[in-house]
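K.L.:
Below: one structure in structure tokens.
The values are calculated or read from the model by the stated rules, or taken from the named source; none is laboratory data. Predicted, not measured: the structure shown is a model, and the values here were computed from it. Positions of Cβ are backbone-derived with ideal geometry, glycine not excepted, and every protein chain shown enters the neighbour counts.
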Amino acid sequence: MKGIWTIIMLVFSNIFMTFAWYGHLKLKEMKISTDWPLILVILFSWGIAFFEYCLTVPANRIGFQGNGGPFNLLQLKVIQEVISLTVFTIIVMFVFKGQHIQWNHLAAFGCLVLAVFFVFLK
């Protein structure tokens, strides 16, 4: 159960992360933050990133083998990267119209999925 909770929390933390890192670009595209100074954009992103950390830190603590979880550090990191790319890709497809997914993007994603396979090999 700890593994499932870890993955769920990482998915939601990555939703916050993606909006913290890239949401200001959408706000500018929508003409909401066009006149914001850079410091305000940074503070806005940090405000969103706070919630990312509120989920990422406990997810890693729950999921880590040293705390009774099912994953070692390398497995946690690779899982995190695949979740991050998956969440990012979905958000780009639905929020940032005009950004097209190409074959090489899918190939790169396939390589990351293979990374998950290899990191879990005994």
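K.L.:
Kindly provide the set of residues from region 61-90 that are within 23 Å of Gly23 (Cα to Cα) and not hydrophobic (A, V, I, L, M, F, W, C), ordered by number.
P.N.:
Passing the criteria: Gln80, Glu81, Ser84, Thr86, Thr89.
K.L.:
Out of region 57-111, which residues are within 17 Å of the chain's Cα centre (by Cα), β-branched (Val, Ile, Thr) and assigned to a loop (DSSP other than H, G, I, E, B)?
P.N.:
Listed by number, the list holds a single entry, Val95.
K.L.:
Would you be able to say whether some residue in region 24-36 is surrounded by 14 or more Cβ atoms within 10 Å (Cβ to Cβ), farther than 24 Å from Val113 by Cβ, of a type outside the set (Val, Ile, Thr) and in contact with a Leu (Cβ under 9 Å, 6 or more places away or on another chain)?
P.N.:
Checked region 24-36: at least one residue is surrounded by 14 or more Cβ atoms within 10 Å (Cβ to Cβ), farther than 24 Å from Val113 by Cβ, of a type outside the set (Val, Ile, Thr) and in contact with a Leu (Cβ under 9 Å, 6 or more places away or on another chain).
K.L.:
Taking only pairs six or more apart or across chains, which ones have beta-carbon atoms under 7 Å, a first residue in region 41-68 that is closer than 25 Å to Gly3 by Cβ, and a second residue that is among the hydroxyl-bearing types (Ser, Thr, Tyr) and at pLDDT 95 or above?
P.N.:
Hits for this filter: Glu52/Ser13; Leu55/Ser13; Thr56/Ser13; Ala59/Thr6; Ala59/Ser13; Ile62/Thr6; Gly63/Thr6.
K.L.:
Between residues in region 77-100 that are more than 16 Å from Leu55 (Cβ to Cβ) and residues that are of a type in the set (Lys, Arg), which pairs lie under 9 Å by C-beta distance while being six or more apart or on different chains?
P.N.:
If the second residue must be of a type in the set (Lys, Arg), the pairs left are Val95/Lys26; Phe96/Lys26.
K.L.:
In this structure, is Leu73 out of contact with any helix residue (DSSP H, G or I) (no Cβ under 7 Å at 6 or more places or on another chain), surrounded by 15 or more Cβ atoms within 10 Å (Cβ to Cβ) and on the phi < 0 side of the Ramachandran plot?
P.N.:
No.
K.L.:
Tell me which residues, restricted to region 39-67, are within 19 Å of Ile79 (Cα to Cα) and buried (at least 17 other Cβ atoms within 10 Å of the Cβ).
P.N.:
Glu52, Leu55, Thr56, Ala59, Asn60, Ile62, Gly63, Phe64
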